[in-house]
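Written out below as structure tokens is the structure these notes cover.
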């Protein structure tokens, strides 16, 4: 268990370095300003992964991570202000760039399968993605308007 | 290093990702006018495509691709943590929008309404059901394989959509979401909710694209997108079991005879 936690922590630091540097280059946020926020987000991630491992209920780590982050920053939380302030120095999009870089490298393995598909399959698949997107957007728009939110 | 316990510490992989991050963030965001709309290009899209190019160009080996897979899960943890701390402050707004958030899950059935007729028009048979009953992520693949078997037409169909989604889903969603929001004036929050289709990378790319188009709402966009994606992840499978798959089968039995009349069975392979 301790080994696993150590491994996660090291890997989180490695990803964190890429994200922090990207955050500086892409969004001009000084590295020193971003470090507290990165550490907080890393700690939330680690806590979520540990909880998923320790609690016997089958509940994925990402659910715990999202929940911890949320509970720490809801208006009722006494630590909401500083956590929101620190983590706002880390741009969501800057953190996503290394994730998709890893993903790009990993999907290479699916490339052979991909090239075997005909153009018709590809077209249908893209329309499927588009269909769920536009369908949800239209329903959301209608309901939000009925509620008078937008 | 070298011993088995540390094989996850692949410095070549992490070095490449670091360089990709630096290079792509340096290139930055670009907006390209296209017809009536705008295509937004941004670093994470270049990073994903360059990562794939490096793999196909043999600059990274299978070893790195293997090591990259668990890294996605880990790196996504950070993103989820960030989404969590964005959701917290927006919680009152999200609760207020709860009905829209829940009901838009049914919009996911748009896959069937748009996709199934197209698949049939292109000559697909039962593959069309696997392809269009849902957005074809892991839980849906599981459902179809469970119901029809891996080597069934339905199984081949869902795998085709799964593979396309895996390889091009994030890039497609990123480009499409930004473009669509510049030509079709729905509210950014409606679009934000729609990005939660049950894939972390697709939601990330699509919501980032929206955030570039509507920077004044970027925190709300990510919070709503994240909340919606969480909801889809939790409900997506049941949506497929109880509504998506039965509806796809029903629509298939209604539409298939009409399409078959006009054309011979053309397609055998998915």
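The values are calculated or read from the model by the stated rules, or taken from the named source; none is laboratory data. Nothing here was measured: the structure is a model prediction, and the numbers come from that model. Positions of Cβ are backbone-derived with ideal geometry, glycine not excepted, and every protein chain shown enters the neighbour counts.
Within the range B:103-122, can one find any residue that is surrounded by fewer than 21 Cβ atoms within 10 Å (Cβ to Cβ), more than 7 Å from chain A (Cβ to nearest Cβ) and at pLDDT 95 or above? Yes: one or more hits.
Counting only residues that are at the interface with another protein chain (Cβ under 7 Å from one of its Cβ atoms) and assigned to a loop (DSSP other than H, G, I, E, B), the range B:51-84 holds 1 of them.
Checked against the criteria, residue B:41 does not count as in contact (Cβ under 8 Å) with a residue 12 or more places away in the chain, at the interface with another protein chain (Cβ under 10 Å from one of its Cβ atoms) and surrounded by 15 or more Cβ atoms within 10 Å (Cβ to Cβ).
Flag: residue B:86 matches the condition of being surrounded by 24 or more Cβ atoms within 10 Å (Cβ to Cβ) and either at pLDDT below 95 or over 16 Å from residue B:9 (Cβ atoms) (or both). Only a single item in (1) modelled with pLDDT of 95 or more; (2) surrounded by fewer than 24 Cβ atoms within 10 Å (Cβ to Cβ) is not met by residue A:60, and it is number (1). Given the options B:157, B:178, B:196, B:174, name the one that is closer than 22 Å to residue A:144 by Cα, modelled with pLDDT of 95 or more and part of a helix (DSSP H, G or I). B:178 is the lone residue from the list that is closer than 22 Å to residue A:144 by Cα, modelled with pLDDT of 95 or more and part of a helix (DSSP H, G or I).
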